[in-house]
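See structure below.
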Amino acid sequence: MIWLIGNKGMLGTELALLFEEKKIPYIGTDRELDITDPAALNAFAVQQAITWIVNCAAYTAVDKAEDDVDRCRLLNSAGPANIAAAARYIKARLIHISTDYVFNGTGNRPYREDDPACPIGVYGLTKREGEIKVFEHNDASYIIRSAWLYGKHGNNFVHTMLKLMEERDRVSVVNDQRGSPTWAGDLARTVLALITAADSKAVPYGIYHYTNEGNITWFDFAQEIYAQGRRLGRLTKDCAVTPCTSDEFPAKVKRPAYSVLDKTKIKTALGLEIPAWDLSLGKFLR
């Protein structure tokens, strides 16, 4: 039995649908079970024959986090610690979802799992704290860091661009931040692949990186959304997509300029062939 925490979020919903499709026994919880309450987590956990916990719950409002530090830390640091402790209590293995924001984005080559973390902003800092606490409380844990996540069930860049491109004649998108878009459907299948592989062979515990293949800027991403959206009939009018700098869109938190993650480790461990970002975007739009 898999316990899926955060089952109503973007990734959690994709995982729930995938488990149902594959007829994999699971139980899902969301805000009705408080991950900041260790006693509540343990009480729930002992009622089920749980062998895996997948934690998709997180505080993800990057700018809002700067003014909501305590809540962000509760959900991104204390929550994962409690979940990891509950997993150890019932002798379950844990998969915890993390982020590229644990790096400061000043690199010039894809970040490996063992590269030093140096988060900027409250969101990245608390996510890194959560990673550390997961392993402190349960060494039978996997962490998957991802980046630029989009999907059907939740607010994200693709939905925003499609909406703006239908409403406006021109959209400007930053062209000085580089990363790898990740379709939530692909990430969900990778989570399941990890569970399946670890149930049949020894997959070392630790941190793994996963995004779709390729790296681009947000401007490149927007251009492809527009091109494919027009081709597939998702967009019905002309809209110019123009590049701009991050300085033209000031925010409370500086976004990482370089968020490309090295995926060699997870490809080797699971024998994965990871889809290219533009092919996955096309599947998503269709």
Scan the stretch 235-270 residue by residue and report those that are of a type outside the set (V, I, T), touching a residue at least 24 places away in the same chain (Cβ under 8 Å) and surrounded by fewer than 15 Cβ atoms within 10 Å (Cβ to Cβ). K237, D238, A240, E248, F249, A251, K252, K254
Just name the residue that is nearest to R71 (Cα to Cα) out of those in the stretch 26-37 that are in contact (Cβ under 8 Å) with a residue 12 or more places away in the chain and touching a helix residue (DSSP H, G or I) at 6+ places or on another chain (Cβ under 8 Å). T36
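Looking only at helices (runs of 4 or more DSSP H) that fall completely inside the stretch 12-100, which ones have 1 or more residues that are within 22 Å of the chain's Cα centre (by Cα)?
69-73, 79-89
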Filter result for Y210 (closer than 30 Å to W52 by Cβ and hydroxyl-bearing (S, T, Y)): yes
Residues of the stretch 239-256 being farther than 18 Å from T160 by Cβ and within 18 Å of the chain's Cα centre (by Cα), which ones? P256
Please go through the stretch 127-163 and give me each residue that is over 14 Å from the mean Cα position of the chain (by Cα), among the β-branched types (V, I, T) and outside any helix (DSSP H, G or I), ordered by number. none
I'd like the residue in the stretch 180-216 that is polar (S, T, N, Q) and assigned to a helix (DSSP H, G or I) and, out of all such residues, is nearest to L281 (Cα to Cα). T190
Qualifying positions in the stretch 218-233 - of a type outside the set (A, V, I, L, M), over 22 Å from Y101 (Cβ atoms) and buried (at least 16 other Cβ atoms within 10 Å of the Cβ): Q223, E224, Y226, Q228, G229
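Values in this text are rule-based calculations from the coordinates and carry no lab data. In this text, all values refer to a predicted model and were calculated from it rather than measured experimentally. Quick reminder, even Gly has a Cβ in these numbers, built from the backbone with ideal geometry, and neighbours come from all protein chains shown.
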